[in-house]
Amino acid sequence: MGSELDTAAATNAIDNPNRPETDTERDDLRRPMDVLAFMGIPTGVSILEMEAGGGYFTEIFSRYVGEDGKVYMQNPASFDAFLGNALEQRLDGLDNVEYVKANFDELPLEDASMDVATWFQGPHELWYSPEGSDALVTNPDDSFPEIFRVLKPGARLVVIDHSAPEGSPATVGGETHRIDPQIIRDLGMEAGFILVAESDLFDNPDDDLS
């Protein structure tokens, strides 16, 4: 897989007039062009989008990878409670997107089938159990090996999450919805990943990490 952003395809995906206004209003915060540039992926690839939520990036990914690409939009079953019919509206017209309803450590995808996996604003959820809903994962330690399993050799995993103070226990993920980045690095490397790049794109000097 190459490592160059197709700038024209990214611009067309982000500037697409069919994107909801509620999405475009968040672009300054979520910085999709910068995220795609950091990912450095070509068009035509298959993306596993872990914990896609309501699909802000799903729509961008769908248009970026194009007809030759595929996006697998994953959410745990317990997300049904707050997503409602939002996904039906989101997926209308996104023909290269397949919805995957599964826990983080039980992905119904074939071995070595994905070019890229993303997990944005989410790995801290491994230690979060929604009140009144099923757990999002059976065993937190199994999620990164499961992602590694479905990725092709040489594929990449791109993670964005909210930082907790250095040395914080993993369980704060279920409390403040933050995580010590070192915990994620360790989980990834234990699963077989190699850390190749980090970014300060979302660093906020005014954030006290609480």
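The values are calculated or read from the model by the stated rules, or taken from the named source; none is laboratory data. Keep in mind it's a predicted model, so treat the numbers as computed, not measured. Note: ideal-geometry Cβ built from the backbone for every residue, glycine included; neighbour counts use all protein chains shown. What goes into the accessible areas is simple: the full protein's heavy atoms, side chains included, and nothing from ligands, DNA or RNA. Shrake-Rupley method; radii C 1.70, N 1.55, O 1.52, S 1.80 Å.
Identify which of Y64, Y72, Y128 has the largest mean-square fluctuation in a Gaussian network model of the chain, with springs joining Cα atoms closer than 10 Å.
Judging by the Gaussian network model, the answer is Y128.
How much FRET efficiency would the formula 1/(1 + (r/R0)^6) give for T22 and S129, where r is the Cβ-Cβ distance and R0 is 35 Å, rounded to 0.05?
Calculated transfer efficiency: 0.80.
Arranged from highest to lowest average of other beta-carbon atoms within 10 Å per residue, in what order do the peptides 13-23, 96-106, 117-127 appear?
117-127, 96-106, 13-23
I want to verify the translational diffusion coefficient of region 1-77 in µm²/s; compute it with Stokes-Einstein, Rh as the Kirkwood radius over Cα pairs, at 25 °C and 0.890 mPa s.
Translational diffusion coefficient: 194 µm²/s.
Where Lys and Arg each count +1 and Asp and Glu each count -1, what net charge lies around Q121 among other residues with Cβ under 10 Å from its Cβ?
With Lys, Arg at +1 and Asp, Glu at -1, the net is -2.
Just reorder E67, E49, E190 by solvent-accessible area, largest first, 1.4 Å probe, all chains present.
E67, E190, E49
Under a 5 Å amide H to amide H cut-off, with H placed in plane at 1.01 Å, what residues pair with Y72 once short-range neighbours are removed?
I47, L48, E49, E98
Averaging sequence separations of C-alpha pairs under 8 Å and six or more residues apart, then dividing by the length of region 77-210, give the relative contact order as a whole percent.
That works out to 25 percent.
Ignoring ligands, DNA and RNA, what percent of the accessible area of region 22-151 is carbon or sulfur (1.4 Å)?
The nonpolar share, carbon plus sulfur, comes to 43 percent.
Between region 44-58 and region 80-114, what's the alpha-carbon centroid distance in Å?
8
How many Å³ per residue does the convex hull of the Cα positions in the chain occupy?
So the per-residue hull volume is 123 Å³.
Going from the alpha-carbon gyration tensor of region 85-210, what semi-axes, largest first and in whole Å, does one get by taking the root of 5 times each eigenvalue?
Listed largest to smallest, the semi-axes of region 85-210 are 24, 19, 16 Å.
Got a number for the accessible area of I183? Probe 1.4 Å, square angstrom, nearest 10.
We get 40 Å² for I183.
Please find, in a Gaussian network model of the chain (springs between Cα atoms separated by less than 10 Å), the residue of S143, S168, S199 whose mean-square fluctuation is greatest.
Top of the fluctuation ranking is S199.
Could you list, bin by bin from short to long, the percent of Cα-Cα pairs of region 171-210 in 5 Å steps?
Computed distribution, short to long bins: 6, 17, 22, 23, 21, 10, 2.
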